[in-house]
Amino acid sequence: MYNGIGLQTPRGSATNGYVQRSKFFARRKTNTYSINGRGSAGVTRKPNKEMFEHDRKRLIQLNIFVLEEKLIDLGYSDAEIAEKLDQARKSLEAKDLQSRNLGEKLQV
């Protein structure tokens with residue numbers, strides 16, 4: 001017997017008494033750790049600002065693309081389309097900048 005595991009004696013058991021370790025037994029991890037005294041719960045990460053910036057730019061570009069398709073369907077010339085898209089892009093970026101500034105003021 002080794003650490004309470006196995007037979008007292010291998011006599012009469014038709015074995016040599018060798019006890020193998022189960023390699024597929026998964027033990028529970030007992031070593032929990034604490035980060036800055038918050039306990040062992042998961043640590044929440046701050047959102048990545050670059051991802052938000054990318055999504056914002058992508059949304060503006062999507063709106064510009066939809067507007068471009070509408071203007072092409074309405075039969076505007078390429079010069080008129082370029083001018084209207086430039087105006088729309090500037091107005092969308094100004095709106096977004098204004099809403100972001102308002103959001104930053106609310107968060108502070």
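How many residues are over 19 Å from Gln98 (Cα atoms) and not hydrophobic (A, V, I, L, M, F, W, C) when one looks only at the range 44-68?
6
Which of the following residues is assigned to a helix (DSSP H, G or I) and at pLDDT 95 or above: Glu69, Glu93?
Criteria check complete, one pass: Glu69.
Quick check on this structure: which one of Arg58, Arg21 is modelled with pLDDT of 70 or more, in a helix (DSSP H, G or I) and either exposed (fewer than 11 other Cβ atoms within 10 Å of the Cβ) or among the acidic types (Asp, Glu) (or both)?
Arg58
Scan the range 72-84 for residues that are surrounded by 12 or more Cβ atoms within 10 Å (Cβ to Cβ) and either in a loop (DSSP other than H, G, I, E, B) or not β-branched (Val, Ile, Thr) (or both) and report the count.
Residues in the range 72-84 being surrounded by 12 or more Cβ atoms within 10 Å (Cβ to Cβ) and either in a loop (DSSP other than H, G, I, E, B) or not β-branched (Val, Ile, Thr) (or both): 5 in total.
Would you say Arg45 is surrounded by fewer than 10 Cβ atoms within 10 Å (Cβ to Cβ), of a type in the set (D, E, K, R) and at pLDDT 70 or above?
Yes.
Only one residue in Ile64, Ile35 is modelled with pLDDT of 75 or more, surrounded by 10 or more Cβ atoms within 10 Å (Cβ to Cβ) and either under 17 Å from Glu93 (Cα atoms) or not acidic (Asp, Glu) (or both). Which one?
Only one candidate qualifies: Ile64.
The values are calculated or read from the model by the stated rules, or taken from the named source; none is laboratory data. Bear in mind the structure is a predicted one, so any value in this text is a computation, not a measurement. Don't worry about glycine lacking a Cβ; one is built from the backbone with ideal geometry, like all the others, and counts go over all protein chains shown.
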